[in-house]
1. Here is a check on your reading of the model: is Phe51 within 30 Å of Arg117 (Cα to Cα) and either charged (D, E, K, R) or within 19 Å of the chain's Cα centre (by Cα) (or both)?
2. Of the numbered conditions (1) within 18 Å of Gly10 (Cβ to Cβ); (2) in contact with a helix residue (DSSP H, G or I) (Cβ under 8 Å, 6 or more places away or on another chain); (3) in a loop (DSSP other than H, G, I, E, B), Val62 fails exactly one; give the number of that condition.
3. Tell me, which residue of the range 85-138 that is among the aliphatic types (A, V, I, L, M) and assigned to a loop (DSSP other than H, G, I, E, B) is nearest to Val54 (Cα to Cα)?
4. Given the conditions (1) open to solvent by 40 Å² or more (accessible area, probe 1.4 Å); (2) at pLDDT below 95; (3) of a type outside the set (Lys, Arg), which single one is not true for Ser60?
5. State which residue pairs qualify: first residue within 28 Å of Gly98 (Cβ to Cβ) and at pLDDT 95 or above and inside the range 114-135, second residue open to solvent by less than 60 Å² (accessible area, probe 1.4 Å) and part of a helix (DSSP H, G or I) in any location, beta carbons under 8 Å apart, and separation of 6 or more residues or different chains.
6. Looking for whichever is touching an Asp or Glu at 6+ places or on another chain (Cβ under 9 Å), touching a residue at least 24 places away in the same chain (Cβ under 8 Å) and open to solvent by less than 90 Å² (accessible area, probe 1.4 Å) here; the options are Ala52, Ala67, Ala42. Which one fits?
Amino acid sequence: VGVSGTPVMGHMGLTPQTAVSLGGGKMQGGTPEGAKKLLGDALALEAAGAFAIVVECVPSQVGKLLAERVRVPILGIGAGQHVDCQVLVIQDMLGMYGDFKPKFVKQFAQLREEMVRALNQFHTETLSGEFPSPEYCFNKEVDLDGL
């Protein structure tokens with residue numbers, strides 16, 4: 001729990017906010033020094049009151065080390081099979097970004113083409129006035145006289 005009493009989940013390794021400054025979507029903690037820094041950061045997050053830590057894009061061995069040494073749950077996204085919980089971004093696992101696919105993502109479906117088709121149909125029908133038709137509207141008569 002953070003200073004204000006708000007539950008806080010840590011996020012370390014590759015973070016979207018720092019990906020550019022870290023050299024893009026590159027694996028983190030791939031050296032002894034990098035792994036040591038991640039362990040220190042995880043222990044600091046635990047000591048600060050984080051209830052769990054997301055660890056992203058690190059070697060499996062480092063994910064295992066963190067899960068063994070840190071008492072709060074380690075949620076892995078590209079952190080190997082030995083963490084406490086697995087996480088994937090839903091858009092990645094459903095193939096919604098087309099050709100973009102991080103190494104650690106297994107795509108369980110390819111929804112992009114169907115989504116684009118549906119969004120284009122929605123756009124066409126809203127421009128033409130076909131949507132929303134009366135069946136998708138609340139059609140209750142309301143006495144507006146006097147307003």
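The values are calculated or read from the model by the stated rules, or taken from the named source; none is laboratory data. Model, not experiment: these values are computed from the prediction. Note: ideal-geometry Cβ built from the backbone for every residue, glycine included; neighbour counts use all protein chains shown. Areas reflect the complete protein model, heavy atoms only, side chains present, ligands, DNA and RNA absent. Shrake-Rupley method; radii C 1.70, N 1.55, O 1.52, S 1.80 Å.
1. Criteria not met by Phe51.
2. For Val62, the failing item is (3).
3. My answer is Val87.
4. (2)
5. Pairs that qualify, where the first residue is within 28 Å of Gly98 (Cβ to Cβ) and at pLDDT 95 or above and the partner is open to solvent by less than 60 Å² (accessible area, probe 1.4 Å) and part of a helix (DSSP H, G or I), are Phe131/Glu125.
6. None of the other options fit; the residue is Ala52.
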